[in-house]
Amino acid sequence: MTRIKCCGMTRVEDALLAAQLGADAIGVVMTAHSKRQVSLEQAKTIVDAMPPFVTTVVLCMDDDAGFVQEIIDTVRPSLLQFHGTESDEWCRQFGHPYLKAIAMGEGTAALYQLRDHPHAAGLLLDGHGLGEAGGSGKVFDWSLMPHDLKQPLILAGGLTPANVAEAIRVARPWAVDVASGIESAPGIKDPAKLRDFIAAVRATA
Ligand SMILES: O=C(O)c1ccccc1NCC(=O)[C@H](O)[C@H](O)COP(=O)(O)O
């Protein structure tokens with residue numbers, strides 16, 4: 001069964017609907033690089049509203065270590081997700097489990113970076129290019145998904161209700177991640193797209 005992370009939540013009602021429809025994880029974006037950025041207070045409200053067994057993820061991108069520590073202490077997410085140029089050593093300093101995003105938009109260079117984060121709980125392979133932010137809606141070549149890494153791999157980038165089944169068939173990921181493909185506007189989730197996305201993933205089981 002492919003797990004599902006619905007990312008870029010800015011409203012409690014959207015995150016709750018995702019959980020009710022069967023999402024395994026929700027994400028909130030706290031970096032200023034994002035048009036989906038939420039405050040510490042908003043992030044805490046969304047994370048606190050989640051039922052048991054739904055993983056909560058907070059995204060940062062080349063942010064200050066003090067800010068990341070404040071997120072851990074205040075929001076208390078299940079996982080962090082680092083989306084920038086953070087090193088394995090930098091990510092580990094907090095002693096908190098994390099995902100490391102790898103930009104797949106620039107081809108083979110990404111395949112080397114995949115080996116640079118042995119302490120990440122999982123690797124999120126995203127369609128954005130190096131130096132670009134996530135949540136871009138950009139797809140990468142799913143056949144580049146490696147199958148010789150020990151860590152769980154999360155497929156992201158431009159996934160929609162219409163293409164996610166084919167993406168799973170080609171890439172065979174541990175989980176899929178979606179932000180813009182389930183939105184009506186940045187940070188505003190569309191209930192029908194959310195429902196269709198989760199149903200399309202579940203239908204692949
Ligand atoms: O979503 C953002 O705005 C964002 C900004 C900066 C860094 C990361 C960001 N999102 C990270 C995610 O995990 C997204 O879900 C992932 O990039 C996929 O997005 P999309 O292509 O829109 O489905």
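Quick note: the coordinates plus some simple rules give every number you see, no bench work behind them. Treat the numbers as computed from the prediction; the structure is a model and nothing was measured. Note that each Cβ is placed from the backbone with ideal geometry, even for glycine, and that neighbours are counted across all protein chains shown.
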Exercise. Where q = 0.15 Å⁻¹, what log10 of I(q)/I(0) comes from the Debye formula for the chain, counting one point per Cα?
Worked result: -0.86
Exercise. Which listed residue (L16, A103, I46) has the Cα farthest towards the positive end of the charge dipole for the chain, taking +1 on Lys and Arg C-beta and -1 on Asp and Glu C-beta about the Cα centre?
Worked result: L16
Problem set entry | Label point distance in nm, E166-E70, each placed 7 Å from Cα along Cα→Cβ | 4.4
Seminar exercise, completed: Subtracting the Cα-Cα distance of A32 and M1 from 0.36 nm times their residue separation yields 7.8 nm
Seminar exercise, completed: If N is the residue count of region 111-205, its Cα Rg over 2.2 N^0.38 Å rounds to 1.08
For this session: Quick one: dipole size for the chain, taken about the Cα centre, charges +1 on Lys/Arg Cβ and -1 on Asp/Glu Cβ, in debye to the nearest 20.
Result: 640
Exercise. Taking neighbour counts of Cβ atoms within 10 Å as a proxy for exposure, in what order, fewest first, do L125, L130 appear?
Worked result: L130, L125
Exercise. At what distance in nm do the modelled label points of R202 and D62 sit from each other, each positioned 7 Å from its Cα along Cα→Cβ?
Worked result: 4.0
For this session: Take every DSSP beta bridge whose two residues both sit in the chain, then give the antiparallel share in percent to the nearest 5.
Result: 5
Problem set entry | Low-density loop positions, chymotrypsin sites (Phe, Trp or Tyr not before Pro), region 16-111 - DSSP coil, at most 10 other Cβ in 10 Å | F53
Exercise. What nm value, rounded to one decimal, do you get for the distance between R11 and T85 when each label is placed 7 Å out toward the C-beta?
Worked result: 3.7
